[in-house]
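The next block holds one structure in the form of structure tokens; read it before the comments.
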Amino acid sequence: MKIAIIGKGNVGSALCNGLSNAGHETKFGHRDPAEPVADAAKWGEVIILAVPHNNANDAIEEIRPYADGKTVIDVMNAIGQDMDLAISCTTSTAEETQKKLPKAKVVKAFNTVFAQNQSTAKVAGEQLTAFIAGNDLKAKQTVAQLTRDIGFDPVDCGPLKAARYLEAMGILIINLAYTYGMGNKMGYKLVKS
């Protein structure tokens with residue numbers, strides 16, 4: 001697939017590596033004039049929003065003309081000053097993205113995985129779980145396949161409002177890593193019998 005990655009930081013770069021290694025075409029959209037966000041969004045069949053939450057509105061405005069009908073993967077975590085959730089528990093960044101892009105198919109994914117593990121889908125040789133939430137079944141199936149291509153075990157968590165729980169999980173693991181000193185060489189794995 002042709003995948004536009006909006007944001008070229010640690011997360012965007014890691015997802016680019018993982019998806020490229022799996023055989024997908026990728027193109028960055030960035031504030032660098034040499035890699036315009038609009039060009040990448042127009043080109044991509046899928047658009048990944050991998051920008052800091054406080055830069056989301058600008059990125060969303062730039063992709064808006066090209067997002068209709070496309071799967072848009074929201075990877076963001078709204079992190080506050082004290083590593084708290086910087087958004088109400090009655091919504092999520094993904095739901096807010098969907099409101100701003102009403103004709104796109106927004107899916108929450110990848111936000112519960114540290115950047116250095118996003119390209120390999122593993123920690124200490126263990127396969128990680130990719131938790132996915134969205135309202136459009138086909139879009140979720142597309143995202144599940146992309147996560148599977150990288151090496152994740154995808155789990156459908158239900159409608160987009162479930163992104164509220166996934167974003168809280170993202171904040172939890174960030175706090176375990178940095179506030180409580182556990183480090184970022186860890187990840188979530190759902191074990192089923």
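Pairs needed: first member in segment 46-61, in a helix (DSSP H, G or I); second member anywhere, small (Gly, Ala, Ser); C-beta distance under 6 Å; at least 6 residues apart or different chains.
Short answer, once both residue conditions are applied: HIS53/ALA78.
Need pairs with beta-carbon distance below 6 Å; first residue outside any helix (DSSP H, G or I) and within segment 158-174, second not small (Gly, Ala, Ser); sequence gap 6+ or separate chains.
From residues that are outside any helix (DSSP H, G or I), the pairs are PRO159/ASN135.
If I filter segment 4-45 down to residues being of a type in the set (A, V, I, L, M, F, W, C) and in a loop (DSSP other than H, G, I, E, B), which single residue comes out as farthest from the chain's Cα centre (by Cα)?
My answer is ALA34.
Working only within segment 83-111, note down all residues that are of a type in the set (S, T, N, Q) and either touching a Ser or Thr at 6+ places or on another chain (Cβ under 8 Å) or exposed (fewer than 15 other Cβ atoms within 10 Å of the Cβ) (or both).
Scanning segment 83-111 gives SER88, THR90.
Select from segment 62-85 the residues that are part of a strand (DSSP E or B) and touching a residue at least 40 places away in the same chain (Cβ under 8 Å) and list them in ascending order.
THR71, ILE73, ASP74, ILE79, LEU85, listed by residue number.
Looking at segment 123-157, which of the residues that are part of a loop (DSSP other than H, G, I, E, B), more than 27 Å from SER88 (Cα to Cα) and not aliphatic (A, V, I, L, M) is nearest to the chain's Cα centre (by Cα)?
Within segment 123-157, the match that is nearest to the chain's Cα centre (by Cα) is PHE152.
Yes or no, residue by residue, for (1) charged (D, E, K, R); (2) farther than 13 Å from GLY7 by Cβ:
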| site | (1), (2) |
| --- | --- |
| ALA56 | no, no |
| ILE60 | no, no |
| ILE63 | no, no |
| THR71 | no, yes |
| ASP82 | yes, yes |
| CYS89 | no, yes |
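Go through (1) surrounded by 22 or more Cβ atoms within 10 Å (Cβ to Cβ); (2) under 15 Å from the mean Cα position of the chain (by Cα) for ALA78 and report which single condition fails.
(1)
From the list ALA94, ALA56, exactly one residue is of a type outside the set (S, T, N, Q) and under 17 Å from ARG31 (Cβ atoms). Which is it?
Answer to the selection: ALA56.
Any read-out appearing in this document is the output of simple, stated calculations on the displayed coordinates, not a laboratory observation. On a predicted model such as this, the values are computed, not experimentally measured, just so you know. Don't worry about glycine lacking a Cβ; one is built from the backbone with ideal geometry, like all the others, and counts go over all protein chains shown.
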